[in-house]
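S.K.: Starting off with a structure, shown below.
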C-alpha cells in the first residue's frame, strides 16, 4: 500500500475512535486515582516520622517509590491532556505533581517525551534510543570498539541493575536542564517546586532517622521509583524495529510497528500504569486510560485488515526479548524481525 493509503487509513481509524466516544475525558477516574495515591503517599510519609530509627523503614521506602511511580504514570497522562478540559490545566497539574511530589522537571520531560512520540525508535531523532551507556540500536553497537563493544554484547546482564539508577538519572537530568536552559517555560517555578520538594523530603528523612539509615532509605526509594518507571517505558520499545536516519515512515506504521504492547492483566495494570497499551497510546496520546482496552480491539482489527504487524507480548516475554536484544543488538534480534519497510532501507 502507498503512504497515502496509510494516511487515509489513520483518518478512518481516528473517526471510528472518536465516534465511539473513546477520546472523551474521564475526570472521575483520574480524581479517584490522584486522590487515592496522594493519600497513600501522605500516610507513608507520616509513618516515616512515627517509626523513627528502625531498618523496617526500608519497606516504607520501597512503597513510597512504588506510589511515586503511580503518580508518575498519572502525571504522564495529564501531560498528554487526558485528565482535564484545557491544555493549560493539564500541564499545570502535571507540573505540580512532577515538581512538588516527584522532584522532576515537567519542562525537561515534555521536551524529551514529545520528540519520542513524534519519532519513536527513529535513529538520530528519538532521544530515548540515544544513550552514552547502552547501545540501543544496531548502528550504535557497530560504533563501539574494544571494551565498549564487549559491554554492548553483554549489556542485557546489567540492564536490570541499571534500572535502579534510573530514578537518580531523572533527578539529575531535570536539574541539569533547569540550571542550564534559561528558555524553559516557568523555569523559576519548576526550580522552586523541586527545591521545596527535596528540602522538605530530606529534612523529614534526616530528622526521623540516623544519617546512614536516611541515606539508605533515600536510595531504596529512588531505586524503586526508577525501576518501575524505567522498566515500564523500556518494555514498550527496546527490541522493536528502528528507523534509519533519513528514512520517512507514515504516522500509522511509525507508531504501530515501532511499539510493543504488554498483555493486560491485574498485575500488569499496576506495574505499567496504562502503558501496556503502548500502540494505542502512541496512536491517540490524548485518549484516557479507561478507553484503551476498547480502543485496542478497534486498532488490532484494523492492523490485521491492513497487514500491519501488531505486537503484543506477556510481561515475561517482553522482558526476555529486551534482555536478549540488548545482549546482542542487531536487526535479527528485534521483535518482530524488522518490518519489510525498515529492512529494505538497511539493505
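Every number here is computed from the coordinates shown, using simple stated rules; none is lab data. Nothing here was measured: the structure is a model prediction, and the numbers come from that model. Cβ: placed from backbone, ideal geometry, glycine included. Neighbour counts: every protein chain shown.
S.K.: Which entry in (1) 1.02; (2) 0.98; (3) 0.92 matches Cα Rg over 2.2 N^0.38 Å derived from the coordinates of this structure?
M.R.: The calculated read-out lines up with (1).
S.K.: Full extension from residue 267 to residue 317: what is 0.36 nm times the residue separation minus their Cα-Cα distance, to one decimal in nm?
M.R.: That works out to 16.5 nm of additional length.
S.K.: Determine the distance separating the Cα centre of segment 1-79 from the Cα centre of segment 231-253; give it in Å without decimals.
M.R.: Result: 23 Å between the Cα centres.
S.K.: How many nm is it between the label spots at residue 12 and residue 39, if each spot is 7 Å from the Cα in line with the beta carbon?
M.R.: 4.7
S.K.: Related question: Just want the ordering: 96, 311, 238, from fewest to most Cβ atoms lying within 10 Å of their own Cβ.
M.R.: Listing 96, 311, 238 from fewest to most nearby Cβ atoms yields 96, 311, 238.
S.K.: Using only Cα atoms, tell me the angle between helix 27-51 and the longest principal axis of the chain; keep it within 0 to 90° and round to the nearest 10.
M.R.: Roughly 40 degrees, rounded to the nearest 10.
S.K.: Please check: in the Gaussian network model of the chain (C-alpha springs, under 10 Å), which one of 259, 94, 181 has the largest mean-square fluctuation.
M.R.: It is 181.
S.K.: Residue 56 to residue 301: extension gain in nm, 0.36 nm per residue of separation minus the Cα-Cα distance?
M.R.: Result for the pair: 83.2 nm of gain on full extension.
S.K.: Let me ask something else. Rounded to the nearest 10 degrees, what's the angle between the helix 211-237 long axis and the longest principal axis of the chain, both from Cα atoms, 0 to 90?
M.R.: Between the helix axis and the principal axis of the chain, the angle is about 10 degrees.
S.K.: Any chance you could give the angle, 0 to 90 degrees and rounded to 10, that helix 315-327 forms with the longest Cα principal axis of the chain?
M.R.: For 315-327 against the chain, the angle is about 80 degrees.
S.K.: Comparing 99, 60, 212, which has the greatest mean-square fluctuation in the GNM of the chain with Cα pairs linked when under 10 Å apart?
M.R.: 212
S.K.: Can I ask one more? In a GNM of the chain with a 10 Å cut-off on Cα contacts, which of 207, 163, 134 has the highest mean-square fluctuation?
M.R.: Top of the fluctuation ranking is 207.
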